[in-house]
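Input: a single structure, listed below in structure tokens.
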Amino acid sequence: MQRTLISLAVMLALTSTLSASAQAAAAKPAASASTQITTQLPRNAVPSHYAVSLVPDAAQRSFSASVTIALDVVQASDSLTLHAADLSFRSAAISAGPGQTVLAADNISIDAKKQTVTLHFPRTLAKGGYQLKLDYDGKISTQASGLFSLDYENGGAKKRALYTQFENSDARAMIPSWDEPAYKATFTLEATIPAGQMAVSNMPVSSTSTLADGRQLVRFATSPKMSTYLLFFAMGEFDRASKVVDGTELGIITQKGMVSQGQFALDSSVAVLKEYNDYFGVKYPLPKLDNIGAPGSSQSFSAMENWGAIFTFENAILLDPRIATQDDQQTSFLVAAHEMAHQWFGDLVTMAWWDDLWLNEGFASWMESRTTHRLHPEWQWPLRAVDTREQAMGQDALATTHPVVQKIDTVEQASQAFDSITYQKGEAVIRMLEDYVGEQAWRSGVRNYMAKHKYGNTVSDDLWRAVEQAAHKPVTAIAHDFTLQPGVPMIRVAAASCSKGQTRVSLTQEEFSKDQPDKKPLRWRVPVIAQTVGGAPVRTLVSNGKASVTLPGCGAVLVNAGQTGYYRTLYAPQAFASLASQFRQLPTIDQLGLLGDSRALGMAGQMPASSALDLASNAAVDAAPQVWNSIAGVLLNLHGLYEGKPDQQAALDRYGRQRLAPVLAHIGWQAGAGESTAVANLRESLVVALGAMGDDSVTAEARRRFAAVGHDARALPPELRRPILGVLAENADATTWEQLHKAAQDEPTPMIKAELYGLLGMAKDAQLARRALELALADEGGVTTSAAIVGHVSGNHPDMAYDYSIAHYAEFEKKVDASARSRYFARLGGRSSDPAMIDKLRAYAGKYLAPQAQGDTNMAIAAIQYRIKVRTTRLPDIDAWLAKHQ
Ligand SMILES: [Zn+2]
């Protein structure tokens, strides 16, 4: 699954405020494959095949269905319990096979809380094979879980299409099933659909017939053995384009008339499939792989890796020539690369239980980055590695974090596991380990793992074993340190001494914590790469807390050179000063790493809070665009921390404008011919940051261009459209806001319409923000847009957004898909700096959430507490620095 993508502006502001859930756990060995896999069901039966017959009634948002499940009773019993959510049963009967006695269940009992149905039979079922047939009815949701509908306009007509979303535990809302990843089975699906519509599932259509009433009965070929959460079904008025590559038919499916906007995604898929067939050493096993684009959005995900039928929301896959930017192209490519990596890592080989969700998500995230760099080197993707690490560490350095491999008991806990630790820390740890064992050895390990476990389930140690065998290096011990215990190592670098052309430096391993400064550090074995600036890199493994290393050359010492390590680096003051003075000579990736570390260490009180500003002062106006992007992020984040302190914020904003305006002048408002994506992205960040920091010329230019749209087609080119509209929306008066509102109402294209409605929530003006909340409550922009509007309001008005959504909880609960709920409300409040919010969040969690579902609330509270601490104790240092530098 790809987590919901957030806008650049929100991303910039959030980078250092993300955080997480669960208790710190001591390192212990991972469960071996022989340990019994966690299940919420009795272990008396195992399914092997589901034959599903589905008759959706889209207009009534309901369906009727039947399923025949081939299963083995492995322990004699007179009852069977399987998952079912919101289904009502008409009949249940079992037989030992064709021609055998049919035994009807004499009692069907539903446990709504556990989401199970138990079938009691009048006689004990002996061990052996059976066919269980269930007839039932169910509901079609309006949010993306289970079988759900999306309403949209196409060519002026109202349309409704149906799709499914089953991860982590919603297959049970469409099919009574053993709905856990380890219960793999084959599936044959058939569906009765209206004439003129297209039905899509994991496998190709095997037959279509027309019924007497004109409807079509569509049958799909039998799937390979797979987990229930990967099943997919969609029906609607769709278009499809396809290409055959290496014997696989790759398809793109969209609402009518939009398939050309998926051409880039289709071309990307062609390149990615070839790459993966080679990398994994196991050829993609299904006859086809579709990517289904759908209007709307979800608060929990952008795309889902259903086997052979990837689902992606339009805004993460389609490129509308009126609005698409280079950044959108990257997103479209990345999302395809991520979901396609899952076709192997996740679909072909699946984690046994949600404890190891990171095996799916960390690996797919790493593979997405690796593949993006291989196939689009011009995007300089490796420079994003520091962002990835920062996102993970932001969460991982709070007491509420959890290990990458974590104990999951409930469905709610599984939903909460889709977080920065699972994705970004997982990715960062894999990057470090691949670098440690070498690219070739890592790939051989992955190939052996794929070959050995295909169509099966695994735990993390299965991967470590395969890599260790291929690499002949003790990688398991390091992997355990980083995946079984939570937190962020910190390498303290002592002042170095140089003699005879060699620099000797000693390293100490501590732990970086934002909210437990006196915590006794955990121990990690940390692979470290160090060098003198411009010298050759030297590798060492810091174990037992200490190491010393001799580097060729004299000069400033750089630790974590290349930034593949998952740890923070804290330099002795002179060592930092000498590195800062050579900032411009460092490779771009190390400039980014140094900025990230000094910001985080400065905010946590390990360095002067102004250290990152020292680096910003040393950056040249023509420094790499990624470096300026990062500096804009540092400044925008400080701007946010100064909220409610107008005089001090004004001083920061003055400095910010003074640093960033010359950079915008240097790259200009108009894109140059053949300009890199990094420059285009930087322009967007600079406009956003300068707009937020009150740069009059930027806001004036944004207004001028918006006013000129009617008569000047070049006024709002796609590359500038979002930042300009963002600046306008944020600074909007009632007239501008109404203009944007009218544009949103008049816009026929769902993807653009949703974006315009989102803008309405960005207003700094409290009354306008309030009106955006009212529009969201009324679902004026559509039922899957409302939650996003409130999310935008929380950027400038977290307390208002939170209070409003909680005051209308019954309505807003319905606007968020079930798996995102416990996270959604916590996040709105988590952006607050008001101590009163902590009690509000506790009250909300106590009232609405089971104890196991409160991880995101605890994380939000930890983030607020940390922000309050930073505002009180760290900003004075920034004030003093600003007073000296204006
Ligand atoms: Zn994923």
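The values are calculated or read from the model by the stated rules, or taken from the named source; none is laboratory data. Keep in mind it's a predicted model, so treat the numbers as computed, not measured. No Cβ is skipped: glycine too gets one built from the backbone with ideal geometry, and neighbour counts run over all protein chains shown. Ligands, DNA and RNA are excluded from the accessible area calculation, which covers all protein heavy atoms including side chains. Shrake-Rupley method; radii C 1.70, N 1.55, O 1.52, S 1.80 Å.
Quick notes
- No other residue among Ser149, Ser109 is part of a strand (DSSP E or B), closer than 21 Å to Arg821 by Cα and at pLDDT 95 or above apart from Ser149.
- Ala392 vs. criteria away from the ligand (no atom under 14 Å from the Cβ), open to solvent by 10 Å² or more (accessible area, probe 1.4 Å) and of a type outside the set (Lys, Arg): no
- Given (1) open to solvent by 10 Å² or more (accessible area, probe 1.4 Å); (2) closer than 14 Å to Thr483 by Cβ; (3) of a type in the set (Lys, Arg); (4) within 16 Å of the ligand (Cβ to nearest atom), number of the condition Arg431 does not satisfy: (4)
- Selection within the range 338-390 - over 14 Å from Ser420 (Cα atoms) and of a type in the set (Gly, Ala, Ser): Ala341, Gly346, Ala352, Ser369
- Of the residues making up the range 330-353, those that are open to solvent by 10 Å² or more (accessible area, probe 1.4 Å) and either within 11 Å of the ligand (Cβ to nearest atom) or assigned to a helix (DSSP H, G or I) (or both) are Thr331, Leu334.
- Residue check, His402 surrounded by fewer than 24 Cβ atoms within 10 Å (Cβ to Cβ) and away from the ligand (no atom under 16 Å from the Cβ): no
- Answer from Ala451, Ala441, Ala466 - the residue that is farther than 20 Å from Ala364 by Cβ and either of a type in the set (A, V, I, L, M) or outside any helix (DSSP H, G or I) (or both): Ala441
- Restricting Ala309, Ala385, Ala324 to those that are away from the ligand (no atom under 11 Å from the Cβ), in contact with a strand residue (DSSP E or B) (Cβ under 9 Å, 6 or more places away or on another chain) and of a type outside the set (Val, Ile, Thr) reduces the list to Ala309.
Every residue, every condition in (1) closer than 28 Å to Ala616 by Cα; (2) buried (at least 22 other Cβ atoms within 10 Å of the Cβ); (3) among the aromatic types (Phe, Trp, Tyr); (4) modelled with pLDDT of 95 or more, yes or no:
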position: Leu841; (1), (2), (3), (4): no, yes, no, yes
position: Lys847; (1), (2), (3), (4): no, no, no, yes
position: Gln852; (1), (2), (3), (4): no, no, no, no
position: Asp856; (1), (2), (3), (4): no, yes, no, no
position: Ile861; (1), (2), (3), (4): no, yes, no, yes
position: Ile864; (1), (2), (3), (4): yes, yes, no, yes
position: Pro876; (1), (2), (3), (4): yes, no, no, yes
position: Ala880; (1), (2), (3), (4): yes, no, no, yes
position: Ala883; (1), (2), (3), (4): yes, no, no, yes
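- Verdict on Ile478 being at pLDDT 95 or above and within 22 Å of Leu507 (Cβ to Cβ): yes
The rows are residues; the columns are (1) open to solvent by 10 Å² or more (accessible area, probe 1.4 Å); (2) in contact with a Pro (Cβ under 8 Å, 6 or more places away or on another chain); (3) of a type outside the set (A, V, I, L, M, F, W, C); (4) modelled with pLDDT of 95 or more.
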residue	(1), (2), (3), (4)
Pro194	yes, no, yes, yes
Ser201	no, no, yes, yes
Ser207	yes, no, yes, yes
Glu237	yes, no, yes, yes
Leu250	no, no, no, yes
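- The range 397-438, residues that are modelled with pLDDT of 95 or more, over 16 Å from the mean Cα position of the chain (by Cα) and part of a helix (DSSP H, G or I): Val429, Ile430, Arg431, Met432, Leu433, Glu434, Asp435, Tyr436, Val437
- Only listed residue being at pLDDT 95 or above, surrounded by 19 or more Cβ atoms within 10 Å (Cβ to Cβ) and in a helix (DSSP H, G or I), chosen from Ala650, Ala689: Ala689
- Any hit, the range 818-835, residues being out of contact with any Ser or Thr (no Cβ under 8 Å at 6 or more places or on another chain) and more than 29 Å from Gly726 (Cβ to Cβ): yes
- Consider the range 280-310 and keep the residues that are part of a strand (DSSP E or B) and under 16 Å from the mean Cα position of the chain (by Cα). The one that is nearest to Pro748 (Cα to Cα) is Ser302.
- Lys520 vs. criteria closer than 29 Å to Trp358 by Cα and either of a type in the set (Gly, Ala, Ser) or free of Cβ contacts under 8 Å to residues at least 24 places away in the same chain (or both): yes
- Of all residues making up the range 703-724, the number that are open to solvent by less than 30 Å² (accessible area, probe 1.4 Å) and assigned to a helix (DSSP H, G or I): 6
- Selected residue (criterion: farthest from Met367 (Cα to Cα)) from residues of the range 257-286 that are open to solvent by less than 20 Å² (accessible area, probe 1.4 Å) and aromatic (Phe, Trp, Tyr): Tyr284
- Here Pro662 fits the description: surrounded by fewer than 20 Cβ atoms within 10 Å (Cβ to Cβ) and assigned to a helix (DSSP H, G or I).
- Qualifying residue in the range 67-88 (condition: closer than 22 Å to Gln143 by Cα, touching a residue at least 40 places away in the same chain (Cβ under 8 Å) and among the β-branched types (Val, Ile, Thr)): no
- Output for the range 737-748, where each listed residue is open to solvent by 20 Å² or more (accessible area, probe 1.4 Å) and not charged (D, E, K, R): Gln739, Ala743, Gln745, Pro748
- Residues that are touching a residue at least 40 places away in the same chain (Cβ under 8 Å) and open to solvent by 90 Å² or more (accessible area, probe 1.4 Å) within the range 93-132 comprise Lys114, Arg123, Thr124, Lys127, listed in sequence order.
- Considering the range 495-532, and only residues there that are among the aliphatic types (A, V, I, L, M) and at pLDDT below 95, the residue that is surrounded by the most Cβ atoms within 10 Å (Cβ to Cβ) turns out to be Ala496.
- Residue check, Tyr130 more than 32 Å from the chain's Cα centre (by Cα) and in a strand (DSSP E or B): yes
- Scanning the range 354-380 for residues that are more than 14 Å from the ligand (Cβ to nearest atom) and outside any loop (DSSP other than H, G, I, E, B) returns Asp355, Arg370, Thr372, His373, Arg374, Leu375, Pro377, Glu378, Trp379.
- Among the residues listed as Ala620, Ala624, the single one being touching a Lys or Arg at 6+ places or on another chain (Cβ under 6 Å) and in contact (Cβ under 8 Å) with a residue 12 or more places away in the chain: Ala620
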